[in-house]
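Engineer: Have a look at this one before I ask anything.
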Amino acid sequence: MTSVHQPTKPHLRATLFLACLAQFMVVLDVSVVNVALPSIRHALGFSEDGLQWVVNAYTITFAGFLLLGGRAADLIGRRTVFVFGLGLFALASLGGGLADSRTMLVVARLAQGLGGAVVAPSSLAIIMTSFTDPAERHRAVGIWGAMGAAGGAAGVLLGGVLTDLLSWRWILFVNVPIGLLAAVFAERLITEGRREGATRNFDLTGALSATVGLSLLVFGIVRTDSTGWGDGSTLGLIATGIGVLGIFVLVEGWIAKAPLMPLRLFRSRSLTIANVMIALLNATTFGMWFFFSLYLQQVKGYSPLMTGLIFLPMTLVMVAVSTLVSRIVLRFGPRPLQIVGMLLMTAGLLLFSRMTVGGSYVGQILLPSLITSVGMPFTFIPSTITATSGVDAEDAGLASAITNNARLFGGALGLAILAAIAATRTTGDLHHPTVAIHTAHQALLDGFHLAFLVAAALAFTGVLVAGLLMPSSRLQPEHGTQPVAVEF
């Protein structure tokens with residue numbers, strides 16, 4: 001593409017906008033299909049068990065290729081990889097929207113996940129290397145984090161609106177013009193960034209073991225929705241995935257000359273604990289969006305459009321609060337904000353666990369949704385900033401990939417566990433010989449209540465982790481200095 005003008009200085013506003021737009025789009029596609037699943041099942045003839053792969057196909061490839069995508073951004077070039085990922089994501093979305101069979105849709109979602117695994121870490125790496133002033137970088141990362149947090153809630157809103165007003169296919173078609181236009185503008189406005197000569201030392205063994213191990217582990221986790229945790233094949237997949245990841249750690253720590261993921265990064269206590277916080281937060285939020293959406297549609301009987309509109313206040317509050325958090329994190333440091341955020345998440349989830357079949361909108365729907373909407377950015381933004389601060393520019397894509405992995409694995413594992421708990425409770429209520437269940441709705445609610453209580457316990461675990469283990473150092477705002485990275 002030699003005819004295209006290549007910028008030598010970053011267009012910071014354009015760079016931030018394009019990186020945030022891309023992150024919003026790939027995170028949104030984790031949840032956008034949830035509301036449309038009944039329509040997809042009717043149109044393409046999915047079975048109840050098969051329908052989960054419309055969601056899980058995206059999650060598996062997204063998680064499995066994140067590390068590889070992050071390292072490719074560092075080694076090949078962040079803009080080059082970013083543009084490639086956007087193009088792949090857009091074309092895969094077009095294929096999914098045109099799908100006339102179950103197989104075609106699932107394959108398209110697999111390709112979408114691969115595109116997302118390339119876009120997500122490269123978008124954050126571009127921000128980290130384009131903004132050289134630490135204070136500006138923190139604000140930019142905060143905005144990027146806000147787009148990620150809002151993308152999950154906005155996915156339900158957009159999915160409901162498009163499904164009701166147009167067709168389920170438009171939840172995929174809408175990505176095509178956005179992705180292609182973003183790729184064109186990114187090529188023109190974003191500066192390239194890579195480590196010269198690094199491609200000669202690409203860690204192929206580490207890349208393969210990480211990708212295969214992560215994919216098998218996520219595949220095993222998501223299968224628990226249909227097989228349960230005691231199924232032999234499911235446990236075999238999980239054990240194999242863990243074993244292959246063990247090989248990956250061995251390769252990275254003792255064998256590879258230029259490791260895909262240098263284990264030295266995890267010597268930073270702030271980076272390690274921040275990623276634990278991100279994993280705990282998303283273990284609660286993925287389940288919250290899932291069960292809240294089911295409650296609105298299956299218990300309250302709302303349409304996809306009404307369900308999406310109910311998520312609108314959550315999205316607006318998250319964006320507004322994220323702007324505030326990205327400004328005050330330098331003043332107070334990450335730990336106090338993380339504690340406040342997880343306390344709010346705990347309170348909101350406890351309120352969700354008290355929902356009833358005939359509950360009011362203000363008391364049982366609006367209030368807990370607003371409380372959790374404030375808690376999410378208070379936790380996610382300082383954790384994201386801490387997890388990517390003080391990392392050398394050559395490792396920016398890798399640090400971004402680790403952060404995205406923490407988010408996705410926490411969410412996938414948390415949702416699988418919470419879904420299994422809820423399903424077990426609901427099934428037990430419906431079949432218990434001595435317990436009188438008046439309606440199927442009440443049985444569903446009993447399962448949801450237990451899932452929300454467990455999610456609240458996970459959120460409170462985050463309070464303890466932040467309070468006891470997160471370093472108390474504040475991030476340094478001075479120009480030309482790197483944020484503090486507290487070591488073990």
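The values are calculated or read from the model by the stated rules, or taken from the named source; none is laboratory data. Quick caveat: nothing in here was measured; it's all calculated off a predicted structure. No Cβ is skipped: glycine too gets one built from the backbone with ideal geometry, and neighbour counts run over all protein chains shown.
Engineer: Going by what's in this entry, would residue 102 be described as assigned by TED's automatic domain parsing to the domain that holds residue 378, at pLDDT 85 or above, within 26 Å of residue 310 (Cβ to Cβ) and surrounded by fewer than 24 Cβ atoms within 10 Å (Cβ to Cβ)?
Structural biologist: No; evaluated as a whole, the condition is false for this residue.
Engineer: Determine which member of the set 263, 237 is over 30 Å from residue 355 (Cβ atoms) and loosely packed, with under 15 Cβ neighbours inside 10 Å.
Structural biologist: 263
Engineer: Restricting to region 288-320, count the residues that are over 17 Å from residue 364 (Cα atoms), surrounded by 20 or more Cβ atoms within 10 Å (Cβ to Cβ) and touching a residue at least 60 places away in the same chain (Cβ under 8 Å).
Structural biologist: Going through region 288-320 one residue at a time, the tally reaches 3.
Engineer: As an exercise: evaluate residue 120 against (1) at pLDDT 75 or above; (2) more than 15 Å from residue 23 (Cα to Cα); (3) part of a helix (DSSP H, G or I) and give the number of the one condition it does not meet.
Structural biologist: Just one mismatch for residue 120, condition (2).
Engineer: State the number of residues belonging to region 151-180 that are of a type in the set (Ser, Thr, Tyr) and part of a helix (DSSP H, G or I).
Structural biologist: 1
Engineer: Also: Here is a list: 277, 306. Which entry is more than 15 Å from residue 375 (Cα to Cα) and assigned to a helix (DSSP H, G or I)?
Structural biologist: Numbers: 277 fails: more than 15 Å from residue 375 (Cα to Cα).
After ruling out the rest, the residue left standing is 306.
Engineer: Taking region 238-273, which residues are assigned by TED's automatic domain parsing to the domain that holds residue 335, part of a helix (DSSP H, G or I) and of a type in the set (Ser, Thr, Tyr)?
Structural biologist: 270, 272
Engineer: All but one of (1) at pLDDT 80 or above; (2) surrounded by fewer than 18 Cβ atoms within 10 Å (Cβ to Cβ); (3) closer than 20 Å to residue 72 by Cα hold for residue 191, so report the exception by its number.
Structural biologist: Just one mismatch for residue 191, condition (1).
Engineer: Consider residue 471 carefully, then state whether it is modelled with pLDDT of 70 or more, in a loop (DSSP other than H, G, I, E, B) and farther than 19 Å from residue 293 by Cα.
Structural biologist: yes
Engineer: Being charged (D, E, K, R), part of a helix (DSSP H, G or I) and under 22 Å from the mean Cα position of the chain (by Cα) narrows it down to one of 327, 331, 335, so name that one.
Structural biologist: Result: 335 is the single residue among 327, 331, 335 that is charged (D, E, K, R), part of a helix (DSSP H, G or I) and under 22 Å from the mean Cα position of the chain (by Cα).
Engineer: Touching a Lys or Arg at 6+ places or on another chain (Cβ under 9 Å) and buried (at least 24 other Cβ atoms within 10 Å of the Cβ): does that describe residue 93? Break it down into steps so the answer makes sense when it comes.
Structural biologist: Working: touching a Lys or Arg at 6+ places or on another chain (Cβ under 9 Å): no; buried (at least 24 other Cβ atoms within 10 Å of the Cβ): yes.
No: the conditions fail for residue 93.
Engineer: Here is a further query. In region 352-370, which residues are surrounded by fewer than 20 Cβ atoms within 10 Å (Cβ to Cβ) and in a helix (DSSP H, G or I)?
Structural biologist: The answer is 361, 362, 363, 364, 366, 367, 370.
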